[in-house]
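Report on one structure; see the data block that follows.
All of the numbers you see were taken from the coordinates with simple rules; none came from a lab. Everything numeric here is computed off the predicted structure, so don't read it as measured data. Backbone-built Cβ (ideal geometry, glycine too); neighbour counts: all protein chains shown.
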Ligand SMILES: N[C@@H](CCC(=O)N[C@@H](CS)C(=O)NCC(=O)O)C(=O)O
């Protein structure tokens, strides 16, 4: 059975847990990360030198980076509906996954740390406002994409792009700040909430 190392509260671990629910894939989980076992323990660092969760262990195969883990698990289970084989269709799924991990994540970090984590190092009013603005502007890109793609992030059907972006939309929705008016994003979030795995691991009260 596969093993997932990482705390259930981590947004990046939750992507993988939700995907396992979508795949019907049983797993063992160990709670690592701040508040649990330290990822700086030698045993963990040997698996992921970045000292970050999640880490996947599948027999003698070890993988880190949540989006890479999602790609691997979908491929392992031969779920072409989630990660298509056709190069262009697949490239669009991967494009939105990469956008989530890079552009979108960089936009919200300061605001999230200040407004949700209440970090004393993230309370500068101008930087908070700039991050909220950046975050909303990125969500406007998703809004336009959802309108043109046909309801999901990378097209008309549910894919891995929705697993990683679903967590991001939940975080945006749950963060106490001024939200841009984005009806397609709201409708998308409601649609994802119809999936039991998302309710369990995504929209589960943890921002
Ligand atoms: N790019 C990495 C980021 C992983 C990441 O930031 N993990 C955080 C939790 S969400 C972490 O491990 N923090 C250190 C800790 O909790 O000890 C991924 O997507 O897997």
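In segment 44-123, Cα pairs under 8 Å separated by at least six residues give a relative contact order of 13 percent.
Once a ≥ b ≥ c are taken as the square roots of the eigenvalues of the Cα gyration tensor of segment 26-175, is the result rounded (a/c under 1.5), prolate (a/b larger than b/c) or oblate (a/b not larger than b/c)? Let's see the in-between values first.
Numbers: a/c = 2.50, a/b = 1.03, b/c = 2.43.
In terms of gyration-tensor shape, oblate.
Each label point was placed 7 Å from the Cα along the Cα-to-Cβ direction; for residue 91 and residue 61 their separation is 2.6 nm. Taking 21, 74, 125 in turn, the Gaussian network model of the chain (Cα-Cα springs below 10 Å) assigns the largest fluctuation to 125.
Evaluate the Kirkwood expression for the hydrodynamic radius of segment 65-148, namely the inverse of the mean inverse distance over all pairs of different C-alpha atoms, and round to one decimal in Å.
Evaluated over segment 65-148, this radius sits at 14.7 Å.
How much length is gained on full extension from residue 180 to residue 41, taking 0.36 nm per residue of separation minus their Cα-Cα distance?
Residue separation times 0.36 nm, minus the Cα-Cα distance, leaves 45.9 nm.
Pair-distance distribution P(r) for segment 101-207, from all Cα-Cα distances in 10 Å bins starting at 0: 15, 47, 30, 7, 0 percent. Report the Rg/Rh value for segment 6-95, based on alpha-carbon coordinates and the Kirkwood definition of Rh. Radius of gyration relative to Kirkwood radius: 1.00. Once C-alpha pairs closer than 8 Å and six or more residues apart are averaged by separation and normalised to the residue number of segment 1-98, the relative contact order reads 28 percent.
For the residues 20, 193, 70, what sequence is obtained by ranking on other C-beta atoms within 10 Å, fewest first?
Going from sparsest to densest Cβ surroundings: 193, 20, 70.
Centre-to-centre separation between the Cα atoms of segment 86-131 and those of segment 1-41: 21 Å. The DSSP beta bridges internal to segment 1-83 are antiparallel in roughly 60% of cases. In the chain, helices alone account for a calculated mean residue ellipticity at 222 nm of -16000 deg cm²/dmol, with every DSSP H run of four or more residues adding -39,500 (n - 2.57). Computed over the chain, relative contact order equals 21 percent, with contacts defined as Cα pairs under 8 Å that lie 6+ residues apart. Antiparallel beta bridges, as assigned by DSSP with both residues in the chain, represent about 60 percent of the total such bridges.
Computed extension length for residue 187-residue 118: 21.9 nm, one decimal, from 0.36 nm per residue of separation with the Cα-Cα distance subtracted.
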